[in-house]
Structures are given as structure tokens and as C-alpha cells.
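The values are calculated or read from the model by the stated rules, or taken from the named source; none is laboratory data. Since the structure is predicted, the reported quantities are computational estimates derived from the model, not experimental observations. So basically every Cβ, Gly included, is an ideal-geometry build from the backbone, and we count neighbours across all protein chains shown. Surface areas here come from the heavy atoms of the whole protein model, side chains and all, with no ligands, DNA or RNA. Shrake-Rupley method; radii C 1.70, N 1.55, O 1.52, S 1.80 Å.
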Amino acid sequence: MKIKIAIIGGSGFEKLFAEAQRIRIGTPYGIPPPILTGKIGDRDVAFIPRHGYGHSIPPHKVNYRANIYALHEVGVERIIAINAVGAINAKFKPGDIVIPHDIVDFTKSRPLTFYDNAPVTHIDFSKPYCPELREILIRKASEAGVRSWDHAVIVCTEGPRFETPAEIEMFRRLGFDVVGMTSIPEAILARELEMCYASLCFVSNMAAGMQERLTPLEVMEISRRINLYVEQIIIEAIKAIPLERSGNCPCAQALREARL
Ligand code: HPA
């Protein structure tokens, strides 16, 4: 049986799943955390905790290729990613939901592609997030009654340290809205395997220099506060995802005309 929808997020989502099972899959890139599979409503859904069960893998050490490859192996066509972000745009506040439309890569040392060899492959990334999945997330976030932003540029930094105030000021001047550490290369790799991918971000803090200091404790604290909303948006979005892909988004045919 193919599982067509996946969630990549923090741990704690296990409880949403009815009849959950864990499956272990090896990949050419290594072994990802076991994939949890089960039902949300009447849909079969897979779940990978990006940082491992028990949050032991830092953002720059996540095996993004193994995670995405394994989801592709079980048949996943659509991924909803959950990401904590800091707000660079002063209009955004802790507790807000953000569904970014574009992304900038400021990572430094991560394997970024499945296509290191011939044929040389350049996927189109003009719309880095699936417009159809985004539309569903935007609608469900709005229905959940939480403050949400449907247009935002996210910048992904290398971490694991938080940014300096000067870095954040640079990002602000460049027009970036939020900053996180986990969207790259996840979004790229999903597109490279022609999977739809969109991100549901929650603002856990104002970025460096916009508040006194930053701690992961604070990220966790806001995450706990906002989690009920995030869960509700995810559950409703999964119910609203059409059974078959329409073929009208750039994702399903990403490899067409992408090879030299
Ligand atoms: N910077 C980078 N990543 C983050 C932040 C931040 O301020 N908050 C949550 N993830």
C-alpha cells in the first residue's frame, strides 16, 4: 500500500495517529528515523520527526536526503513540513502562523541534492513551495482563527547557533520575513523527487537583536502554546487534500526538461 501524504515535524505528533505503526527503511543515504504510519481521519499518513524521536539531531546534522528518499520509497507524493521560525519582519509576532511562498538559502555545509552525477539535473525552483498545498494550508490556518501570514520569504541559516543582530539586520534589509534552520535542503530534495511540499511555520521568537536574547527553551514554550492550532490546521488540511494530484502544480513534473 502506498502512503501518499507525509508530515515532517517535531516529535509529539505521534498522538494524532490512529492505528500507528513504525517502519524502518534503509536508503542509499543512510537510515532515517523510523517512519510512523497511520490514519488521520480516513487518510493514510506518514510522519518523520526531523530531529529524531527525542529530539537528538541538530538542524545541520539532519539526514535530509535519507528522510525525503524514505518518504518517496513509501509512495509519498505530498509533504507538509512544520518549522519553527524567528520573525525578522516586525509585523510578525510569536504565536503567528506563516506559510512562506519563497525561500533563500544561507546554509553552508549540507548535501543539497540527489543529483550529484550525470545526467546533470537542474530543477525549476521558481515556485519553491507547492501552490496547491500552500492554498490549503492558508485556508485552514485562516479557519483555525489564529493570526497567519500567507506571503513571506523565509531564510534558512546553517545553525545550530542563532543568528547575530547584524545578520538579522542584513536579512531584514534584503526583505526576508522569517528565519529558520530546517527548510533547506528539505524543500529542494522534495522537489527533486517530484513531491509536493509546503511549510507550516510558527513564529517562536523575534529574531536576534529584536529581543533581548534567544533560547531554545522559548522556542519549545511557544511551540507547546501554538501546538493545538498547528495540529488542527494539519488535520483539516489533510482532510482537504484531493485524493489525486491535479498535475497543475510545478511539483509532479519537476524532472521534465530538467536534464541536460
Ligand atoms: N533563528 C533561526 N532558527 C529559528 C529561530 C531563529 O530565531 N527561531 C526558531 N528557529
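Structural remarks
- Given R0 = 41 Å, the distance between the Cβ atoms of Lys61 and Asn248 translates into a calculated FRET efficiency of 0.65.
- Label-zone membership for the stretch 237-257, site Ser142, 7 angstrom Cα→C-beta point, backbone N under 19 Å: 237-242
- Residue range of the chain that is longest and free of GluC sites (Glu not before Pro) which are both DSSP loop and sparsely packed (at most 11 other C-beta within 10 Å): 1-211
- Three-way shape label, the stretch 158-216, alpha-carbon gyration tensor, a/c 1.5: prolate
- Within the accessible area of the stretch 5-240, the carbon and sulfur atoms contribute 53%, probe 1.4 Å, all protein chains present.
- Per residue solvent-accessible surface (Å²) - the chain, probe of 1.4 Å: 46
- Annotation for the stretch 2-110: trypsin sites (Lys or Arg not before Pro) lying in DSSP loop with at most 11 further Cβ atoms inside 10 Å of their Cβ are Lys2, Arg24, Lys91, Lys108.
- The chain: antiparallel DSSP beta bridges as a percent of all, rounded to 5: 35
- Taking the chain as a Gaussian network of alpha-carbon nodes connected by springs under 10 Å, the highest mean-square fluctuation of the residues Gly95, Gly180, Gly26 belongs to Gly26.
- Sites Ile235 and Arg161, calculated FRET efficiency, Cβ-Cβ separation with R0 25 Å, nearest 0.05: 0.15
- Considering all C-alpha pairs of the chain, those separated by over 23 Å amount to 48%.
- The chain, relative contact order in percent, only Cα pairs under 8 angstrom and at least six apart counted: 25
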